[in-house]
Amino acid sequence: MDKVLDNLQHIFQRPFQSSVLIFALILFIILLAPILFRRFKVPGIIGLIIAGVIIGPHGLNLIAKNSAIDLFSTIGLLYIMFLAGLELDLKGFSNYKHKSLVFGFFTFISPFAIGYPVCRYLLEFSFETSFLVSSMFATHTLVTYPIVSRFGISRNEAVGITVGGTMLTDTAVLIILAVISGSVNGEITPGFWIRFSISVLLFLGIVLWLIPKLATWFFRHFEGEKNSHFIFVLAMVFLSAFLSELAGLEPIIGAFAAGIALNKLIPHTSSLMNRLEFVGNSLFIPFFLISVGMLINLHVLLEGPHALIIAATLTIVALIGKYIAAWITSAIFKYSKANRHLIFGLSSSHAAATIAVIMVGFRIGIVDENILNGTIVLILVTCLVASFVTEHSAKHVLITDKSESPALPSISEQKILVPIYNPNNMERLLDLAIAIKNPKNRFPIVSLSVVEDDLQAKQKLVEAKINLEKAIIHASAFDQEVEIITTISQNVPSGIKRVATEIFATEIIIGFALKSQFTDILFGNVIKYIVENTNQAVWACSISPQLSGHKKIVVICPRYADREYGFNLWLDRVFRLARTLKVSCQFLSTPQTFRHIKEYLHSSKMVISLKHTEFTDWNDFTEISAYIQPTDLVIITLPRNGGISYKINQESIPRLMAKNFENYDFILIYPNEIEDNPEMMFSDDFDKSLIEEGINKLSNKARSLTEIFRKR
């Protein structure tokens, strides 16, 4: 019995030595702390930091700050910066990069301008110490970024300029840190600047040029190795962080650069993105937040008024400086109060770069223990303030966006039907369905297999159901729900039509072959029948598995496409696809149609780069080769017979695409029709003489044919 008690005493001796017990305790904290603190309306991030204070060396001393904790903490910190770069809307960022420069300038200069005189003349620090501590005020860590990600506003413009400004100011501060460190060690020479500049350029070249090419090759050649994709991405992140360290920068710069480098290759709705976010938000990032709490020593506040004064001064200066920067930026760009507070909330938390700056200063002897302890208190307070402000302002921004966003006609109720004819196409068709699906839509994607009614129907039905169950597994990686339907019908097309009607589908996404069976499938049985006998939008797809490999989307619209009933519906899906793939859109259309496209984009408040090329020559459709590249995703809108933009020569486009563009990925969209009433939509400026002209041409051709037969 004594031996058992001694063993238990050894196991629970503080700090814990059992790695199993330590890991179990941390997992329980990650599980329970956010849940408990949210009951008191306290952000979960704060719960993790406070839990770190309690269990850390300066609290109950349950867990020591050892190399294992430091390793997981480093992974979490790099993960935060990587996800920030990965989720950054580069197309939107390119539209407000100048705003990021403005915010980056003010969020650096405002805290520095306030902090230096306070440190130099009020706290009476030396020049080097004042300069270093003041630059520390300018840094901030995106500790609260998971909050905006959870609320789904990571693509908000205010978030985008804050993320961009974060990297600008943190990079500037870390360069200052490298200069001060070199100055104290007597290393600042012309050779230092040459070496530093060359190493940074090499780092940027490898990360932003070589890694995307390597990733493109890897994803293409190892398409089915989903686990390998995840490991590859992590390897690139930590390689980039290490290269950043070699270049004389902090690893967080490398992690963020890796996120930007892989941004276009990992769609936001992909299974890989889901895995990356899940692992980071579930394990590594909470680990980092707990480790931040473990650094905090609240006992320093009881050692005398001097430590308390330094801690309070540093904290107040840091918060005031960041608020002034957010206020000036919002005033210049006329942001709302909620967006101003969102910028302040995201940029006011100090952790990663702040710790890096102070620890380096402490190591080289220009920062004493009082400043170190005061900085730790600053980290706790600013993280608390940032978390409350970010969560509160994110809710207000979300409410404001909802109230200001225009109601889109029939877009909210979206139900996508994906008939599976060839099991090899299942995943790529589902990926497309997920990419165009409104994330707020409550309906699952419906995957359908139709079995012809014959003697083997029962066996085929069982096999079809087994194949469709793979769709559920595939979609679950995206956090998407798929409903599977297997049915027996006299023929496949009529079965698809019946199910589309029964479930009130809005879109039918179907694939077709390009070679031997193309004519049979497209014109004989399936797609042509569906197009002629349904009112739903039909997406006929010939696409490769890697949607994210495209450089841009090229959309070809016939004249008067903007007058068709389903114009806004398919345009909304195309814009959502472009935003998911993080690519621009080039429209080949008339100026009038493009004007309506721009108006719809403005009303939908999506941020997408648009280009326009005037194109009206549908008589020689193969001329589009001058406007497209094999890396483009080509989308062609084809009205049904009787549509206002319909022309007889459009019937040959599917055949021309299959014959002349088999190396291209393309989608043929047949827009929605008004149910049971496919009337054309005329406006005042529509030239109704076109109808008369068409009738006259048909009459002339009929007379010509009659004359020919008479002569024979």
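The values are calculated or read from the model by the stated rules, or taken from the named source; none is laboratory data. On a predicted model such as this, the values are computed, not experimentally measured, just so you know. Counting neighbours? That spans all protein chains shown, and the Cβs are built from the backbone with ideal geometry, glycine included.
Run residue 633 past the list (1) touching an Asp or Glu at 6+ places or on another chain (Cβ under 7 Å); (2) within 30 Å of residue 156 (Cβ to Cβ); (3) modelled with pLDDT under 85 and report the number of the one that doesn't hold.
Of everything listed in (1) touching an Asp or Glu at 6+ places or on another chain (Cβ under 7 Å); (2) within 30 Å of residue 156 (Cβ to Cβ); (3) modelled with pLDDT under 85, residue 633 misses just condition (3).
Matching residues to (1) at pLDDT 85 or above; (2) more than 24 Å from residue 382 (Cβ to Cβ); (3) assigned to a helix (DSSP H, G or I); (4) not assigned by TED's automatic domain parsing to the domain that holds residue 383:
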residue	(1), (2), (3), (4)
9	no, yes, yes, no
26	yes, no, yes, no
63	yes, no, no, no
68	no, yes, yes, no
81	no, no, yes, no
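Among the residues of the stretch 458-499, count how many are part of a helix (DSSP H, G or I), surrounded by 13 or more Cβ atoms within 10 Å (Cβ to Cβ) and of a type outside the set (D, E, K, R).
Of the residues in that region, 15 qualify.
So how many residues does the stretch 598-621 have that are closer than 20 Å to residue 668 by Cβ and touching a residue at least 40 places away in the same chain (Cβ under 8 Å)?
The total comes to 3.
State all residues of the stretch 547-604 that are part of a strand (DSSP E or B) and either over 28 Å from the mean Cα position of the chain (by Cα) or over 30 Å from residue 271 (Cα atoms) (or both); if no residue qualifies, say none.
588, 589
Quick check, is residue 589 surrounded by 18 or more Cβ atoms within 10 Å (Cβ to Cβ), among the hydroxyl-bearing types (Ser, Thr, Tyr), in contact (Cβ under 8 Å) with a residue 12 or more places away in the chain and at negative phi?
yes
Is it the case, given these coordinates, that residue 233 is β-branched (Val, Ile, Thr) and either over 24 Å from the mean Cα position of the chain (by Cα) or modelled with pLDDT under 80 (or both)?
Criteria not met by residue 233.
Which one of the conditions (1) out of contact with any helix residue (DSSP H, G or I) (no Cβ under 7 Å at 6 or more places or on another chain); (2) among the hydrophobic types (A, V, I, L, M, F, W, C); (3) outside any loop (DSSP other than H, G, I, E, B); (4) surrounded by fewer than 23 Cβ atoms within 10 Å (Cβ to Cβ) does residue 628 fail to meet, given that it meets all the rest?
All conditions are met except number (3).
Do we have residue 106 as among the aromatic types (Phe, Trp, Tyr) and modelled with pLDDT under 90 here? Step through it out loud before you land on a result.
Numbers: among the aromatic types (Phe, Trp, Tyr): yes; modelled with pLDDT under 90: no.
In short, no.
Here is a list of conditions, (1) touching a strand residue (DSSP E or B) at 6+ places or on another chain (Cβ under 7 Å); (2) at pLDDT below 75; (3) of a type outside the set (Asp, Glu); (4) more than 17 Å from residue 423 (Cβ to Cβ), and residue 444 meets all of them except one; can you say which number that is?
Condition (2) is where residue 444 drops out.
If I ask for residues that are closer than 29 Å to residue 426 by Cβ and surrounded by fewer than 21 Cβ atoms within 10 Å (Cβ to Cβ), which ones from the stretch 549-567 would you list?
Going through the stretch 549-567, the residues closer than 29 Å to residue 426 by Cβ turn out to be 549-556, 566.
Within the stretch 549-567, 549, 551, 552 meet the criteria.
Take residue 130 and decide whether it is within 22 Å of residue 377 (Cα to Cα), hydroxyl-bearing (Ser, Thr, Tyr), more than 35 Å from the chain's Cα centre (by Cα) and modelled with pLDDT of 85 or more.
yes
Any residue at all in the stretch 31-54 that's assigned to a loop (DSSP other than H, G, I, E, B) and modelled with pLDDT of 85 or more?
Within the stretch 31-54, not a single residue is assigned to a loop (DSSP other than H, G, I, E, B) and modelled with pLDDT of 85 or more.
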